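The values are calculated or read from the model by the stated rules, or taken from the named source; none is laboratory data. Note that the structure is a prediction, hence the values are computed from the model and not measured. Virtual Cβ from ideal backbone geometry, glycine too; neighbours counted across all protein chains shown. Heavy atoms of the whole protein, side chains included, go into the accessibility calculation; ligands, DNA and RNA do not. Shrake-Rupley method; radii C 1.70, N 1.55, O 1.52, S 1.80 Å.
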Amino acid sequence: MTKTNVQHLFSIPVIVAALGYFVDIYDLLLFGIVRIPSLKSMGLDDAALSSVGASILNWQMTGLLIGGILWGVLGDKKGRLSVLFGSILTYSLANIACGFVQDPNTYKILRFIAGIGLAGELGAGITLVAEVLPKHLRALGTSLVAGVGLLGAVAAYFTVELFNWRTAYFIGGGMGIALLLMRVGVFESGVFAALKEHRHIQKGNFFSLFTNKDRLIRYLKCIGMGLPTWFVIGILATFSNEFGKALGIDTPIQPGLSIMWCYVGLSIGDLSSGILSHKLESRKKAVFYMMLFTLAGSLVYLFAGIKTATGLYAISLLMGFGIGYWAMFVTIGAEQFGTNLRATAATTIPNMVRGTVVGMTTLYAYFKEGFTVIQAGALVGLLCFLIGITSILTISETHGRDLDFLED
């Protein structure tokens, strides 16, 4: 790789986007890790831990869905940088406030605000990096952002191991504020800057994604590609304690540890998917191959008869590697749409995928009433992989696409 290419890949916008996503993932997963100790400190009994915890998590996820639309529209109307910095400031202040919270109701409101803030980081970062890098480096650049960013999950896990839950929130918020101080030298994408001169062009119209058949199909396929990623995280890793019991594993499985190993694999996979796409000169092939790897890992997880906790955590790591096309699928989403709608699409797509977890967990609970835990998980997975594989096989290739175009 030439010196110029290295300079592009490690330019200030790429570094700030990567570090921003690191803090984003840290804060996104932090409540799940500190849920039990934080709620116990507020005097909740064991019966209330589950219901109140689920309610707070739903408030956070609702914030993500609303924030995805809000930041996406602002990204196309006001610029990528305004979203990048606005989202970081929002979730940083919300997380610092979470360190002082004393009751569950305030906790819900603060996690809702944090969710709104967390929704903007990835889409804005990927959009900015995709537009400022030369097209032959886009896959490597966006994968670098996600590969570094996803290590925030590991940082969150070990921070909670070393400090109490309130301090963990202060650290997350402090990292975000420190990141804002690094913003000097970050420049807006030239593609968006040129768009501002065209005042007659409609920018950031979220509803236009649904008013044109071709655009709607592109949008739904982009969301469909991401379903296997959150099947692995939201079902197989999150409920790994249930799958561990169903598999007859004697050692109690810790979902937090399963999620951490999954994210370790995800970080490595995201870096690998960018290299794979770059070498194959194809976004579609890279995502398809990694999706097949994830499918194989899921089948081993469910049906290979794993008998040890170590084996289950190892498969979680491998499945995490497989779903490491996360940045690539968001990149495809950014590349599918014109400059006047790009941030809206790239920011809402990953948050729509995160939102489908509610449907997945509902289906999983429904299937458990008539099937075993293993069968219920397999049925949800079957649906997710069918949609995911169909989406990636039928969507248009975007490798090397010139991003200087507009949506009608």
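List of remarks:
- Flagged links, alpha-carbon separation over 21 Å, of Lys108/Lys221; Lys77/Lys108; Lys40/Lys108: Lys108/Lys221; Lys77/Lys108
- Nearby aspartates and glutamates by direct alpha-carbon distance to Lys78 (threshold 12 angstrom, same-chain neighbours under 8 apart not counted): Glu188
- For the chain, averaging the sequence separation of C-alpha pairs within contact (under 8 Å, six or more residues apart) and dividing by the residue count gives a relative contact order of 24 percent.
- Under DSSP loop assignment and at most 14 Cβ neighbours within 10 Å, longest chymotrypsin sites (Phe, Trp or Tyr not before Pro)-free interval of the chain: 208-370
- Once C-alpha pairs closer than 8 Å and six or more residues apart are averaged by separation and normalised to the residue number of region 267-408, the relative contact order reads 33 percent.
- Whether region 65-115 is rounded, prolate or oblate, judged on the alpha carbon gyration tensor where a/c under 1.5 counts as rounded: oblate
- For the chain, the longest principal axis of the Cα atoms and the long axis of helix 373-394 meet at an angle of about 10 degrees.
- About its Cα centre, the dipole of the chain is roughly 440 debye, where the only charges are +1 on Lys and Arg Cβ and -1 on Asp and Glu Cβ.
- Taking 7 Å steps out from each Cα toward its Cβ at Ile374 and Val300 produces label points 1.7 nm apart.
- Once the Cα atoms are used to define both axes, helix 342-368 deviates from the longest principal axis of the chain by about 20 degrees.
- Order by protection proxy (mean Cβ within 10 Å, highest first), peptides 352-361, 394-403: 352-361, 394-403
- Heavy-atom accessible area, probed at 1.4 angstrom with all protein chains present, ranks Glu369, Glu121 as Glu369, Glu121, highest first.
- Look at the Cα gyration tensor of region 285-385: its axes a ≥ b ≥ c give a/c of at least 1.5 with a/b at or below b/c, and that counts as oblate.
- Applying 0.36 nm per residue to the separation of Asn212 and Thr390 and subtracting their alpha-carbon distance, the gain on full extension is 62.0 nm.
- The slack in the chain from Ile177 to Thr106, taken as 0.36 nm per residue of separation less the alpha-carbon distance, amounts to 23.3 nm.
- Cα gyration tensor category, rounded, prolate or oblate, for region 1-152 with a/c compared to 1.5: prolate
- For Lys279, a cut-off of 20 angstrom between C-alpha atoms picks up these aspartates and glutamates, skipping any fewer than 8 places away in its own chain: Asp270, Glu335, Glu397, Asp402.
- At R0 = 41 Å, FRET efficiency that the Cβ-Cβ distance of Asp250 and Phe170 yields, to 0.05: 0.60
- The length gained on full extension between Ile275 and Tyr366, counted as 0.36 nm times the residue separation minus their Cα-Cα distance, comes to 28.8 nm.
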